[in-house]
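The values are calculated or read from the model by the stated rules, or taken from the named source; none is laboratory data. Please read these numbers as outputs of a predicted model, since none were measured by experiment. For neighbour counting, all protein chains shown are included, and Cβ atoms are generated from backbone atoms with ideal geometry for every residue, glycine included. SASA here: full protein model, heavy atoms, side chains in, ligands and nucleic acids out. Shrake-Rupley method; radii C 1.70, N 1.55, O 1.52, S 1.80 Å.
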Amino acid sequence: MLNRCIGADPQTFAREHWGRLPLLTRAAELPRDFDDLLSTSHVDELLSERGVRAPFIRVAKEGGLVTRDAYLGPAGFGAEMPDQVDSAKVLAQFASGATIVLQGLHRLWPPVIDFVRGMVDDLGHPVQANAYVTPPQNRGFDPHYDVHDVFVLQTSGTKHWTVHEPVHVDPLPSQPWTDHRDAIARRVKDDEPVVDAVLNPGDALYLPRGWIHSARALGQTSVHLTIGVSAVTGMDVIRAVVDQLEGVADFRRSLPMGVDMTDQSEMVATTTKLVAELAERLRDHAAELGEQAANGTRRRFADRTRPVAVRPLASLAAAEQAATTAVRWRHGLVATVRRHDGRVVLQLTDRTISLPDACADAIAALHAGLVADAGALPGLDAADGEVVIRRLLREAVVVPAAG
């Protein structure tokens, strides 16, 4: 999916642009446009027929957010929830110049669901998708930066983008643009933009986090997708290491009674002593802490991404035909497979599944990408293979290969 968004080969993009520099790619350099992902008719369908609810929609006008009651309401008998899109209210807001923001489309809209899953595979970082629908000659938000990388995919209409260099490089989620509002205003006022271009349908723009940007629709309604990438950083790994230190009694002990937290020299001495103890711990137990932190980082990644959804009815029906159903590992499901006490253990983020050790080769093969039916699982006869496939289908570890 990455190749649909960039006019460079992935290796060049990784080396020269990822997390470093913007990249503007024109439609002629890309395999196809983005109309299959979200067109204007798709937007109308989402707003009028799909029961979209807050917070999957926001409305912005003149740089700020519109109050929810201006575009939400109940939907009549049997659907009285008050946080649903009221399409007539949305029409009124849009006609008056407001921008519609459809959030979390990677959870709502099948073409975007598949696209985002592919982007996760290509980038190795959590990905999400929003859409911005802006009426002619209007802008949505003031100049700002995002704390995640974005791919802007223009699907319909045109939009004028202005991009400036960062005032705060590689911001973390705890470092929003509002912390640097004045510096951003000065940068936009005083410096020449790095990108000053109109995006037409099929064009794409990559922006690393921290790069200041704003956009304005031109002579017609503009629709663009923002594919947001929540980059996993060195700080994420370091936090995972620190989390493991909660298991070390020396770091859980209380500071001395009577410690004066207001005394700078006393606190410097205390902190310096603890930093030295930390350095010694990291030096002497680097491999152990590294393995534990790696597990923690993987769990956090699994919490921030979603494997391919299962179809519950189809999976149960397949389980009833486990003797003849070919299955494959559920794409994107993060799991650790290990042997322990004569069992093979699948450690998922939310539960542990234990099977007889005789199943170890079969589980490992499925985890590695094998597509097989009960008679083709390594190390098992057809009868045992049927039992394993039925269990894994019910546990949503595998899915029917034809699904």
_Leading residue by the ranking (farthest from Ala217 (Cα to Cα)) among those in region 27-78 that are in contact with a Ser or Thr (Cβ under 8 Å, 6 or more places away or on another chain) and not in a loop (DSSP other than H, G, I, E, B)_ = Ser48
*If you take the residues in region 20-46 that are of a type in the set (A, V, I, L, M, F, W, C) and open to solvent by less than 20 Å² (accessible area, probe 1.4 Å), which one is farthest from Leu105 (Cα to Cα)?*
Leu30
*Among the listed residues Arg58, Arg68, Arg53, which satisfies the condition of being open to solvent by 30 Å² or more (accessible area, probe 1.4 Å), touching a residue at least 12 places away in the same chain (Cβ under 8 Å) and touching an Asp or Glu at 6+ places or on another chain (Cβ under 6 Å)?*
Arg53
*Identify the single condition in (1) open to solvent by less than 20 Å² (accessible area, probe 1.4 Å); (2) of a type outside the set (Asp, Glu); (3) touching an Asp or Glu at 6+ places or on another chain (Cβ under 7 Å) that Thr226 does not satisfy, given that it satisfies every other one.*
(3)
*Look at region 301-333 and say how many of its residues are surrounded by fewer than 16 Cβ atoms within 10 Å (Cβ to Cβ) and not hydrophobic (A, V, I, L, M, F, W, C).*
9
*Could you give me the residue pairs with C-beta distances under 8 Å whose first residue belongs to region 246-268 and is over 21 Å from Leu282 (Cα atoms), whose second residue is open to solvent by 80 Å² or more (accessible area, probe 1.4 Å) wherever it lies, and which are 6+ apart or on separate chains?*
Met267/Met261
_Residues that are aromatic (Phe, Trp, Tyr) and under 11 Å from Thr134 (Cα atoms), drawn from region 72-102_ = Phe94
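Listed residues Leu65, Leu108, Leu102; which is under 18 Å from the mean Cα position of the chain (by Cα) and at pLDDT below 95?
Numbers: Leu65 fails: under 18 Å from the mean Cα position of the chain (by Cα); Leu102 fails: at pLDDT below 95.
Every option except Leu108 fails the conditions.
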*Among the numbered conditions (1) over 24 Å from the mean Cα position of the chain (by Cα); (2) β-branched (Val, Ile, Thr); (3) part of a loop (DSSP other than H, G, I, E, B), tell me where Val310 comes up short.*
(1)
*Determine if region 133-154 includes at least one residue that is surrounded by 18 or more Cβ atoms within 10 Å (Cβ to Cβ), touching a helix residue (DSSP H, G or I) at 6+ places or on another chain (Cβ under 6 Å) and without any contact (Cβ under 8 Å) to a residue 60 or more places away in the chain.*
no
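For region 182-191, check the following and say yes or no: at least one residue is in a loop (DSSP other than H, G, I, E, B) and more than 25 Å from Ser39 (Cα to Cα). I'd like the intermediate steps shown before the answer.
The first filter runs over region 182-191 and keeps only residues in a loop (DSSP other than H, G, I, E, B), leaving 191.
Going one step further and asking which of them are more than 25 Å from Ser39 (Cα to Cα), we end up with 191.
Yes, the conditions are met somewhere in region 182-191.
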_I want to confirm something. Restricting to region 198-223 and keeping residues that are open to solvent by 10 Å² or more (accessible area, probe 1.4 Å) and among the hydrophobic types (A, V, I, L, M, F, W, C), which single residue is nearest to the chain's Cα centre (by Cα)?_
Trp211
*Leu37 versus (1) over 29 Å from Ala231 (Cα atoms); (2) in contact with a helix residue (DSSP H, G or I) (Cβ under 6 Å, 6 or more places away or on another chain); (3) of a type in the set (A, V, I, L, M): which is the lone unmet condition?*
(1)
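Being in a loop (DSSP other than H, G, I, E, B), of a type in the set (A, V, I, L, M) and farther than 13 Å from Ala374 by Cβ is the filter here; which residues of region 316-336 pass it? Before the answer, list the steps.
So in region 316-336, the residues in a loop (DSSP other than H, G, I, E, B) come out as 321-326, 330-335.
Checking the rest, the ones that are also of a type in the set (A, V, I, L, M) come to 322-323, 326, 333-335.
Of everything in region 316-336, those that are in a loop (DSSP other than H, G, I, E, B), of a type in the set (A, V, I, L, M) and farther than 13 Å from Ala374 by Cβ turn out to be Leu333, Val334, Ala335.
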_Can you list residue pairs whose Cβ atoms sit under 9 Å apart, with the first residue in region 384-403 being within 20 Å of Asp350 (Cβ to Cβ) and of a type in the set (D, E, K, R) and the second being open to solvent by 70 Å² or more (accessible area, probe 1.4 Å) and assigned to a loop (DSSP other than H, G, I, E, B)? Count only pairs 6 or more apart in sequence or on different chains._
Glu395/Arg351
*Please name all residue pairs, on different chains or six or more residues apart, with Cβ atoms under 9 Å, provided the first residue is in region 8-28 and is farther than 22 Å from Gly202 by Cβ and free of Cβ contacts under 8 Å to residues at least 12 places away in the same chain and the second residue is among the aliphatic types (A, V, I, L, M) and open to solvent by less than 80 Å² (accessible area, probe 1.4 Å).*
Glu16/Ala8; Glu16/Leu23
*What are the residues in region 238-287 that are closer than 30 Å to Asp122 by Cα, open to solvent by less than 70 Å² (accessible area, probe 1.4 Å) and of a type in the set (Val, Ile, Thr), if any?*
Val241
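Select from region 5-19 the residues that are among the β-branched types (Val, Ile, Thr) and closer than 28 Å to Arg107 by Cα and list them in ascending order. Walk me through it before giving the result.
Start the filter on region 5-19 by keeping residues that are among the β-branched types (Val, Ile, Thr), which leaves 6, 12.
The one that is among the β-branched types (Val, Ile, Thr) and closer than 28 Å to Arg107 by Cα: Ile6.
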